[in-house]
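Accompanying notes for the structure given below.
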Amino acid sequence: MLTLTQILAEPKGRTTLLSELRDYLKTRREEIRTLHGERSSGHYILIRLTALVDTLITEIYQQELLRYERGHGRTLQEGCAVIAVGGYGRGELNPYSDIDIMFLYRPEFRDAVETVAMEVLYLLWDLQFTIGHSSRTISECVRIAQADITAKTALMEARLLTGSEELFQNFQKTFRRRVLPKRV
């Protein structure tokens with residue numbers, strides 16, 4: 001069986017790509033289902049499901065990023081990070097749960113990141129995932145979290161999947177300083 005990297009890297013039509021990705025996911029899900037049937041702990045199953053989706057999103061994003069960079073002669077690596085938020089950010093992805101992700105970006109990369117994000121999302125939707133998504137700058141995250149407790153909670157549980165670690169660290173630092181209450 002081909003690895004996920006091989007499936008995504010080899011040039012092919014969309015129908016073939018989706019078929020190979022579906023087969024890959026089916027095999028991985030069957031492995032997890034077998035573990036569950038063998039009485040693996042629920043926590044272990046959550047970890048395996050989360051790792052499967054983490055890998056899928058990371059690999060798809062990296063391939064779409066490379067495709068964009070080659071086609072536009074522009075490097076985006078430090079301009080964007082893909083972040084898991086909410087329950088998925090906590091690493092607690094249950095079977096059939098929705099997947100909440102955020103494309104965090106530097107303002108000057110907005111158009112490029114939205115182009116890459118849409119390609120990632122289209123593939124995930126075609127694979128029948130239920131995706132909650134957003135594309136935001138750090139300042140937009142702060143503004144939204146200050147106004148909405150649900151968004152604040154989801155962003156508190158943010159976890160870097162792929163992309164700029166520096167941007168993610170700046171987000172966490174700014175979020176803690178400007179959104180979370182000071183402790184006495």
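Observations, loosely collected:
- The condition (being touching a Ser or Thr at 6+ places or on another chain (Cβ under 9 Å), among the basic types (Lys, Arg) and touching a residue at least 24 places away in the same chain (Cβ under 8 Å)) is satisfied by just one residue among Arg67, Arg74, Arg106, Arg159: Arg106.
- A residue that is among the hydroxyl-bearing types (Ser, Thr, Tyr) and assigned to a helix (DSSP H, G or I) can be found somewhere in region 37-49.
- Flag if Arg90 is out of contact with any Phe, Trp or Tyr (no Cβ under 8 Å at 6 or more places or on another chain), more than 29 Å from His43 (Cβ to Cβ) and touching a residue at least 60 places away in the same chain (Cβ under 8 Å): no
- The listed residues are Glu92, Glu59, and the only one of them that is modelled with pLDDT under 95 and within 27 Å of Gln169 (Cα to Cα) turns out to be Glu92.
- Lys26 satisfies every condition listed in (1) within 28 Å of Glu114 (Cβ to Cβ); (2) open to solvent by 30 Å² or more (accessible area, probe 1.4 Å) except (1).
- Tyr61 vs. criteria aromatic (Phe, Trp, Tyr), under 17 Å from Tyr122 (Cβ atoms) and either open to solvent by 20 Å² or more (accessible area, probe 1.4 Å) or touching a residue at least 12 places away in the same chain (Cβ under 8 Å) (or both): yes
- Restricting the search to helices (runs of 4 or more DSSP H) fully inside region 81-184 and requiring at least 2 residues that are open to solvent by 40 Å² or more (accessible area, probe 1.4 Å) and closer than 28 Å to Lys12 by Cβ gives 110-126.
The values are calculated or read from the model by the stated rules, or taken from the named source; none is laboratory data. None of these values were measured; they are calculated from a predicted model. As a convention, Cβ positions derive from the backbone with ideal geometry for all residues, glycine included, and neighbour counts pool all protein chains shown. All accessible areas refer to the heavy atoms of the entire protein, side chains included, with ligands and DNA or RNA removed. Shrake-Rupley method; radii C 1.70, N 1.55, O 1.52, S 1.80 Å.
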